[in-house]
Amino acid sequence: MMNKLNILTFPDPRLRKKASPITVFDDNLKNFAQDMLFTMYEAKGIGLAATQVDFHKRLIVIDVSDEQDNPYFLVNPTYKVLDDAIEHFKEGCLSVPTYFEDIYRPKKIELTFQDLEGKQHIEIAEGIFSVCVQHEIDHLEGKLMVDYISPLKRDRIKNKLLRKKDDSPKN
């Protein structure tokens with residue numbers, strides 16, 4: 001049985017907390033990763049960092065496949081830029097719901113990560129996969145996509161999201 005986790009939304013200060021490395025590869029990690037994947041699919045996302053669900057460890061789930069049948073579980077991911085070419089994508093974020101912004105990122109990266117068993121992997125990432133990896137690793141560093149836009153625009157988004165939260169029915 002998978003659990004749907006609560007996704008934090010901007011400007012929640014917990015989104016700014018830097019994630020620490022994962023050192024224990026056990027069933028708890030695997031179960032939590034499955035809960036993250038389930039949560040991401042339910043929210044119609046293509047990536048989710050553990051920070052976004054208030055778990056401050058270096059874990060990301062990503063699935064950029066059209067059928068949502070090719071998930072990646074990235075533990076302790078890092079990357080290095082392989083190509084100085086920059087491209088922009090209209091990025092969205094589950095922690096900044098309903099907003100999409102043009103964000104400029106390196107086009108090609110070398111991704112290093114561990115799987116849920118602790119085994120090391122290195123892959124070349126390009127296109128939407130590269131964008132998603134960089135976006136989610138930003139979350140692990142306490143950085144959000146709104147940090148790439150003007151302070152004025154960021155404040156407008158923050159105020160709209162806070163108003164939306166205030167207007168939502170309380171349980």
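Just one of the listed residues (PHE10, PHE25, PHE73, PHE55) is in contact (Cβ under 8 Å) with a residue 60 or more places away in the chain, closer than 20 Å to GLU117 by Cβ and over 11 Å from the mean Cα position of the chain (by Cα), namely PHE25. The set of residues in region 72-103 being in contact with a His (Cβ under 8 Å, 6 or more places away or on another chain) and not aliphatic (A, V, I, L, M) consists of GLU91, CYS93, SER95, ASP102. When region 21-66 is filtered for residues that are over 17 Å from LEU144 (Cα atoms) and hydroxyl-bearing (Ser, Thr, Tyr), the ones remaining, listed by number, are THR23, THR39, TYR41, SER65. Remark: pairs (first residue in region 80-91, closer than 11 Å to GLN134 by Cβ and β-branched (Val, Ile, Thr); second residue open to solvent by less than 70 Å² (accessible area, probe 1.4 Å) and in a strand (DSSP E or B); Cβ separation under 6 Å; 6+ apart in sequence or on different chains) = VAL81/PRO106; VAL81/ILE109.
Could you identify the single residue in GLU91, GLU87, GLU67 that is open to solvent by 70 Å² or more (accessible area, probe 1.4 Å), acidic (Asp, Glu) and on the phi < 0 side of the Ramachandran plot? Answer to the check: GLU67.
Each residue in region 98-154 was checked for being open to solvent by less than 70 Å² (accessible area, probe 1.4 Å), within 30 Å of ASN28 (Cα to Cα) and among the acidic types (Asp, Glu), and 5 pass.
Output the residue which, of all residues in region 72-115 that are in contact with a Phe, Trp or Tyr (Cβ under 9 Å, 6 or more places away or on another chain), of a type in the set (D, E, K, R) and closer than 26 Å to PHE55 by Cα, is modelled with the lowest pLDDT. So, considering only residues that are in contact with a Phe, Trp or Tyr (Cβ under 9 Å, 6 or more places away or on another chain), of a type in the set (D, E, K, R) and closer than 26 Å to PHE55 by Cα, the one modelled with the lowest pLDDT is GLU101.
Out of ARG58, ARG14, one residue alone is open to solvent by 20 Å² or more (accessible area, probe 1.4 Å), of a type in the set (Lys, Arg) and farther than 21 Å from THR78 by Cβ. It is ARG14. I'd like to know if region 127-135 contains one or more residues that are in contact with a helix residue (DSSP H, G or I) (Cβ under 6 Å, 6 or more places away or on another chain) and touching a residue at least 12 places away in the same chain (Cβ under 8 Å). No; the residues of region 127-135 include none that is in contact with a helix residue (DSSP H, G or I) (Cβ under 6 Å, 6 or more places away or on another chain) and touching a residue at least 12 places away in the same chain (Cβ under 8 Å). Taking the criterion of being β-branched (Val, Ile, Thr) and either in contact with a helix residue (DSSP H, G or I) (Cβ under 6 Å, 6 or more places away or on another chain) or surrounded by fewer than 16 Cβ atoms within 10 Å (Cβ to Cβ) (or both), the residues of region 70-84 that qualify are THR78, VAL81.
The values are calculated or read from the model by the stated rules, or taken from the named source; none is laboratory data. Bear in mind the structure is a predicted one, so any value in this text is a computation, not a measurement. Note that each Cβ is placed from the backbone with ideal geometry, even for glycine, and that neighbours are counted across all protein chains shown. Note: accessible area is taken over every heavy atom of the protein model, side chains too, but ligands, DNA and RNA are not part of it. Shrake-Rupley method; radii C 1.70, N 1.55, O 1.52, S 1.80 Å.
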